Amino acid sequence: MNSREELLNGLNNAVNIIRRLANIQERLNHVRLQYRNIKPLRKFSIIGKIAIVFWTILSIYVYTVSKDIVMLILGLIIWVLPTFLIFSSRKKTKNQRIVEENKESVERNKQLAIQEQRILNELQEVQTLYRNYISSWYPIDYCSVDASEFFYNAVNNYRADNLKEAINLYEMTLHQRRIEANQRQAIREQQLSNLLSAQHIAVQQQQVDAINKQTASINNVNDSINRFYRGY
């Protein structure tokens, strides 16, 4: 960039390209966050397994006590089989619902994949513009909307004569922002400390007590006025 006009034109291109990159990144993140995971099918629940084991053990115990094979068969038929059928039916119902949800998720993910591919195609175009127009002179560490706009405004407003001066000015600004942010954080922390201090609590309690006394006095006056009018 041999002249101020060339630098401004270059920075203007950088701002536009980096803005497009930021917009693409935002849209890409938005699309990718909408992908749905495919849910696995349910297996036999732990409760169902425990129930079946319990009824099976109970049936065996009854058989052991009675020494009657018929009691064992009846126990299996009356206790174990219904439990198995109930939990199998519940598992089947849940899996049918999961299958339907997965079908919807697959279809939705297909649509999102199409959107994502369109954005990626646009990204390739912008990457080509970046390589052709600004990668040879613009520092990649400052490839952000905030930095590029700052550089352009600094040169355009004669606060910097070249990119190096604009970068130094930007670093000074970032440093000042960090100092101000730290000061604001320190003030917030000090305020919290003050709220927790015994002295502050005592002062607040005195203020509350004073307000309560004032409220009580006003109530007493109102009661006196009301009694006076009731006398008439």
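Once the Cβ-Cβ distance between Leu76 and Gln25 is put in as r, and R0 is 41 Å, what FRET efficiency do you end up with, to the nearest 0.05?
On the way: r = 62 Å, r/R0 = 1.52.
Efficiency computed from Cβ-Cβ geometry: 0.05.
For a test of the definition: using alpha carbon positions, the gyration tensor, and the 1.5 limit on a/c, classify segment 1-53 as rounded, prolate or oblate. Walk me through the numbers on the way to the answer.
Details: a/c = 11.22, a/b = 7.64, b/c = 1.47.
Cα axes put segment 1-53 in the prolate bin.
Measuring from the lowest to the highest alpha carbon on each principal axis, how far does segment 73-144 reach, largest first, in angstroms?
Principal extents (largest minus smallest coordinate, Cα): 87, 24, 15 Å.
In whole Å, how far is the Cα centre of segment 69-143 from that of segment 157-175?
48
Using a cut-off of under 20 Å, list every residue of segment 31-47 whose amide N is near the label point 7 Å from the Cα of Leu120 along the Cα-to-beta-carbon line.
31-38
Hey, if we sort Phe84, Phe44 by accessible area with the 1.4 Å probe, largest down, what's the order?
Working: Phe84 95, Phe44 45 Å².
Highest to lowest solvent-accessible surface, that is Phe84, Phe44.
The values are calculated or read from the model by the stated rules, or taken from the named source; none is laboratory data. Only a predicted model underlies this, so the values are computations on that prediction, with no experimental measurement involved. So basically every Cβ, Gly included, is an ideal-geometry build from the backbone, and we count neighbours across all protein chains shown. The protein model used for the area step is the full one, side chains on, heavy atoms only, and it has no ligands, DNA or RNA in it. Shrake-Rupley method; radii C 1.70, N 1.55, O 1.52, S 1.80 Å.
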